[in-house]
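Read through the structure below, which is laid out as structure tokens, and then see the notes.
Computed from the coordinates by the stated procedures, all read-outs in this text should not be read as laboratory data. This one's a predicted model, so the numbers in the text were calculated from it and none came from an experiment. Note that we place each Cβ from the backbone using ideal geometry, even for glycine, and neighbour counts take in every protein chain shown.
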Amino acid sequence: MVDQISLSGLSEESWRAVIEALAAAGWSVRNGGGLDFSWAAVERDGMRIDMECDAWQEGEMVFAKADASIISGDLPAQLIAKLEIGSFPR
């Protein structure tokens, strides 16, 4: 079993900003959903981030702990601060 990091309670704005930042950094994005629920699978070089956003419970993202430094390297510092993941390895 792979150690995972799960970030929850993301605002919809932050959730979408993560997807946009990773797409701009060359990650592939598949997404879908409807009015009250959205999902995204963001992948690059064998790494995967599973993301969900619910209108009532806000957003969540889950990824392998081993990939944390690469993922955080592709996110702007102000977004990392907004996600409250200051302990993320950079």
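Ranking of Trp15, Trp39, Trp27, Trp56 by neighbouring Cβ atoms within 10 Å, starting from the fewest: Trp56, Trp39, Trp27, Trp15. Among Asp74, Asp54, Asp45, the residue with the largest mean-square fluctuation in a Gaussian network model of the chain, with springs joining Cα atoms closer than 10 Å, is Asp45. Comparing Leu35, Leu22, Leu79 in a Gaussian network model of the chain (Cα springs below 10 Å), the most mobile by mean-square fluctuation is Leu35.
For the chain, set up a Gaussian network in which alpha carbons nearer than 10 Å are linked by springs, and say which option among Gly46, Gly26, Gly73 fluctuates the most. Per the Cα network of the chain with a 10 Å cutoff, Gly46 tops the list.
When you restrict to C-alpha pairs under 8 Å that are six or more residues apart and normalise by the size of the chain, the relative contact order lands at 32 percent.
In order along segment 49-66, the phi-based Karplus estimate (6.51 cos²θ - 1.76 cosθ + 1.60, θ = phi - 60°) of 3J(HN,Hα) comes to 10, 9, 10, 9, 9, 10, 4, 9, 10, 6, x, 9, 9, 10, 8, 5, 4, 5 Hz; Gly and Pro are listed as x. Ranking Gly32, Ser69, Gln57 by Cα position along the charge dipole of the chain, where only Lys, Arg, Asp and Glu carry charges on their C-beta atoms, puts Ser69 farthest toward the positive end. Distance distribution P(r), the chain, all Cα-Cα pairs, bin width 5 angstrom from 0: 3, 14, 28, 28, 18, 7, 1 percent.
Here the 3J(HN,Hα) profile of segment 41-48, calculated from phi with Karplus coefficients 6.51, -1.76 and 1.60 at θ = phi - 60°, is 10, 10, 9, 6, 6, x, 8, 9 Hz, Gly and Pro shown as x.
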